[in-house]
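Only one structure is covered here, and it is reproduced in the block below.
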Amino acid sequence: MLKKWLCLLPLLILAGCSSTTAPTSRPGPAGGQTSAPAALPSWNQQALGDTLQGMRQSCKALTRKAGWREVCQQAGQLRADDAAAVRQFFETRFTAWKLSDGNRDSGLITGYYEPLLSGSRSRSERTPWPVYGAPADLYSVDVPASQRGKSTLRAKRVGANRLALAAGGDIEIRPGDFAADPRGSRLKGRLSGSRLLPYYTRAEINQGKLNGSAPVIAWVEDPVELFFLQVQGSGRIQLEDGSFLHVGFADQNGYPYQSIGKWLVDQGEMKLSDASMQGIKDWLAKNPQRRDELFAVNQSYIFFKPLSGDDGGPVGALGVPLTGGYSIAVDPRYIPLGAPVYLATTWPHSNDPLVRLVHAQDTGSAIKGAVRADLFWGYGTEAGMYAGRMKQQGNLWLLLPKGMQPTDSL
């Protein structure tokens, strides 16, 4: 994934990083049925050559797995402009398994994207907003749920920016000082003498509390776009010379995500139906004097690191670059990373069919269940428009090499 902990855009805007209940099904066909790819809805209308690049990216990881080697070798020999050969490849080499979650064979399909910001490596009047790297004084420590109720714990340093619980440790931790985060057991903080305190909130960071402890890896033009860069967890910054600086998740300040869209709805500032990324940006354009108030609702703050590579997509959880429009984030307990997935849904805010063969190459903490996917739209303004509005119902079919069972691939 762009980052495993990250809740993807529509759910972040509306609901925050809340965990969902565990799905009740294992991957497999509803009613025990499988089908040939050629029998899938609108299969003959698909331009399958467009999905071949995504398949080849997946194969960089899949070639090491049993059952995929020959399939990937053949995919590497195909030409994307030979539509008949690509179609025959998928029809003859794969079986389609319709995914279900208990009695449901449809689920939520959302979208995410890679933001594109304008910026510089130097601060200026045009680019006054910092993109921070990980602070030197940000420490993390794993505290199991069984220990969170204790009034005081002891810890010791075990490496750079890492602490570990230890009965005789010289660092004091009071779990009650820290915000509860349902996503995990890790606490983030800063040392004040021999005591670990919660790290700075978003509002405190924006007020300058970092005080030089975090490097600035770039300066950008727009604080609103910077906020949504943090929501996504990675993005591109176009510099003055036209080159791109790719940035990705490095660390987080330890506070659970709080949805600014939900807050606006709760405050009566907008309707739930308008609480998309575009709706929030429109509200901010009309209420610029309340920007800091709104952003402070979400105390979570993301720190970044420069990423190497060309102008391809960001690297997902599979370890390969994502392909705009043809990569999805899934729950890997139910859909094996790297597998082709046939997606049948609708375009954002529309009943027009959106049907295509995509590839499971990413994960996300909001992506839970067998029939749940997040479509990567690419980067930039148009991709953000689609991603921010997408909250559709859809069906998924898992494509596996013939002879392979869904449980074999997990």
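Take the conditions (1) in contact with a strand residue (DSSP E or B) (Cβ under 8 Å, 6 or more places away or on another chain); (2) surrounded by 13 or more Cβ atoms within 10 Å (Cβ to Cβ); S122 misses just one of them, which is (2). Is there any pair linking a residue in region 233-245 that is more than 14 Å from I217 (Cβ to Cβ) to one that is aliphatic (A, V, I, L, M), with Cβ under 6 Å and at least six apart or on different chains, and which? If the second residue must be aliphatic (A, V, I, L, M), the pairs left are G233/L2; G233/L6. Within 28 Å of H246 (Cα to Cα), basic (K, R), assigned to a helix (DSSP H, G or I) and in contact (Cβ under 8 Å) with a residue 40 or more places away in the chain: is that true of K281 in this structure? So K281 fits the description; yes.
Taking each residue of region 129-157 that is in contact (Cβ under 8 Å) with a residue 40 or more places away in the chain and in a loop (DSSP other than H, G, I, E, B) and looking for partners that are among the polar types (S, T, N, Q) and surrounded by 19 or more Cβ atoms within 10 Å (Cβ to Cβ) with beta-carbon atoms closer than 8 Å, six or more apart or interchain, yields L138/N253.
For (1) out of contact with any helix residue (DSSP H, G or I) (no Cβ under 6 Å at 6 or more places or on another chain); (2) charged (D, E, K, R); (3) surrounded by fewer than 23 Cβ atoms within 10 Å (Cβ to Cβ); (4) within 30 Å of F244 (Cα to Cα), each residue gets a yes or a no:
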| residue | (1), (2), (3), (4) |
| --- | --- |
| N351 | yes, no, yes, no |
| V355 | yes, no, yes, no |
| V371 | yes, no, no, no |
| G378 | yes, no, yes, yes |
| E382 | yes, yes, yes, yes |
| G388 | no, no, no, yes |
| Q392 | yes, no, yes, no |
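S327 passes every criterion in (1) closer than 30 Å to F244 by Cα; (2) surrounded by fewer than 24 Cβ atoms within 10 Å (Cβ to Cβ) apart from (2).
Residues checked against (1) among the β-branched types (V, I, T); (2) within 30 Å of S185 (Cβ to Cβ); (3) in contact with a helix residue (DSSP H, G or I) (Cβ under 7 Å, 6 or more places away or on another chain):
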position: G208; (1), (2), (3): no, no, no
position: A214; (1), (2), (3): no, yes, no
position: V224; (1), (2), (3): yes, no, yes
position: R236; (1), (2), (3): no, no, no
position: L239; (1), (2), (3): no, no, no
position: S243; (1), (2), (3): no, no, no
position: Y255; (1), (2), (3): no, yes, no
position: I260; (1), (2), (3): yes, yes, yes
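Checked against the criteria, S146 does not count as surrounded by 15 or more Cβ atoms within 10 Å (Cβ to Cβ) and over 30 Å from A36 (Cβ atoms). Close contacts from region 42-55, counting a first residue that is crowded, with 22+ Cβ neighbours inside 10 Å and a second that is among the small types (G, A, S), with Cβ to Cβ under 8 Å and a gap of 6+ residues or different chains, come to L48/A83; L52/A75; L52/A80; G54/S327; M55/A75. Restricting attention to region 68-82, the residues that are surrounded by 15 or more Cβ atoms within 10 Å (Cβ to Cβ) and either of a type outside the set (V, I, T) or within 19 Å of A317 (Cα to Cα) (or both) add up to 5.
Of all residues in region 99-136, those being among the polar types (S, T, N, Q) and modelled with pLDDT under 90 number 1.
Scanning region 192-200 turns up at least one residue that is touching a residue at least 60 places away in the same chain (Cβ under 8 Å) and of a type outside the set (V, I, T). Being surrounded by fewer than 21 Cβ atoms within 10 Å (Cβ to Cβ) and either closer than 20 Å to L210 by Cβ or touching a Lys or Arg at 6+ places or on another chain (Cβ under 9 Å) (or both) is the filter here, so list the residues in region 227-249 that pass it. L239, E240, F244, L245, G248 - these are the residues of region 227-249 that are surrounded by fewer than 21 Cβ atoms within 10 Å (Cβ to Cβ) and either closer than 20 Å to L210 by Cβ or touching a Lys or Arg at 6+ places or on another chain (Cβ under 9 Å) (or both). With respect to the stated conditions, P340 is in contact with a His (Cβ under 7 Å, 6 or more places away or on another chain) and closer than 26 Å to V86 by Cβ. Being farther than 27 Å from Q88 by Cβ and among the aliphatic types (A, V, I, L, M) is the filter here, so list the residues in region 354-410 that pass it. Within region 354-410, A366, I367, A370, V371, A383, M385, A387, M390, L410 qualify. Criterion applied to L9, L40, L2 was being touching a strand residue (DSSP E or B) at 6+ places or on another chain (Cβ under 6 Å) and modelled with pLDDT of 95 or more, and the one residue passing it is L40.
The values are calculated or read from the model by the stated rules, or taken from the named source; none is laboratory data. Remember, predicted model here, so these are calculated numbers, not experimental data. Please note: Cβ atoms are built from the backbone with ideal geometry, for glycine as well, and neighbour counts cover all protein chains shown.
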